[in-house]
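Notes to accompany the following structure.
The values are calculated or read from the model by the stated rules, or taken from the named source; none is laboratory data. What you see is a predicted model; the values in this text were computed from it and never measured. Note: ideal-geometry Cβ built from the backbone for every residue, glycine included; neighbour counts use all protein chains shown.
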Amino acid sequence: MTQRPARHANILVIQRICRQHRGAFGFVQRPVLADAVDRQNPDNPEADHRHLLIVETDRADDVIGFLRLYHHPDGATTLHEIGVERAHVGQGIGSALMQRAIAETRSHGQQALQLFVPIERETNAWYPRFGFVHNGTRAGRVRDLNRYRLELA
């Protein structure tokens with residue numbers, strides 16, 4: 001398996017993964033994903049290197065997981081989504097992607113990685129395995145969200 005920056009050709013598969021986990025992600029719009037692809041492209045004069053959309057692929061280069069994050073100027077990075085193709089859940093792909101998110105956050109010189117999870121999702125138990133600490137709850141547009149934060153030294 002390989003991790004690499006997402007390409008425009010991967011967006012429909014990423015959206016399919018999001019639909020498989022719709023209760024966790026809601027709806028992720030194609031223009032948001034396309035913008036992330038464009039902004040991480042070193043050939044783009046408007047690239048800002050704060051956006052990152054990474055895919056995990058199998059041996060045939062088929063996308064089986066992804067993550068999207070944003071490095072804020074204040075020193076915190078937000079993990080917007082992390083997801084794995086339903087047929088590949090439980091194989092360590094999500095953990096590998098989370099390790100990549102943490103490594104990318106560190107290499108960008110950020111002090112923390114944060115994320116928000118709907119309070120009713122079973123995935124709330126997953127994030128503390130990586131050192132994330134529950135850091136409050138906030139009202140979301142549709143439902144309340146737990147905030148998790150991983151401080152990086």
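Points to keep in mind about this one:
- GLU56 closer than 26 Å to GLU122 by Cβ and either modelled with pLDDT under 95 or of a type in the set (Lys, Arg) (or both): no
- Look at segment 8-20: where a residue is assigned to a helix (DSSP H, G or I) and a partner is charged (D, E, K, R) and crowded, with 20+ Cβ neighbours inside 10 Å, sitting 6+ places away or on another chain with Cβ atoms under 9 Å, you get VAL13/GLU85; ILE14/ARG68; ILE14/GLU81; ARG16/GLU85; ILE17/GLU81; ILE17/GLU85; CYS18/GLU81; GLN20/GLU85.
- So ALA103, is it within 15 Å of the chain's Cα centre (by Cα), among the hydrophobic types (A, V, I, L, M, F, W, C) and exposed (fewer than 13 other Cβ atoms within 10 Å of the Cβ): yes
- Filtered residues of segment 70-100 (kept if touching a residue at least 40 places away in the same chain (Cβ under 8 Å), buried (at least 19 other Cβ atoms within 10 Å of the Cβ) and of a type outside the set (Gly, Ala, Ser)): GLU81, VAL84, GLU85, ILE93, LEU97
- If you go through segment 111-153 and pick out every residue that is touching a residue at least 24 places away in the same chain (Cβ under 8 Å), assigned to a strand (DSSP E or B) and surrounded by 13 or more Cβ atoms within 10 Å (Cβ to Cβ), you end up with 14.
- Which numbered condition ALA103 fails, given (1) among the aliphatic types (A, V, I, L, M); (2) under 18 Å from GLN3 (Cβ atoms); (3) touching a strand residue (DSSP E or B) at 6+ places or on another chain (Cβ under 8 Å): (3)
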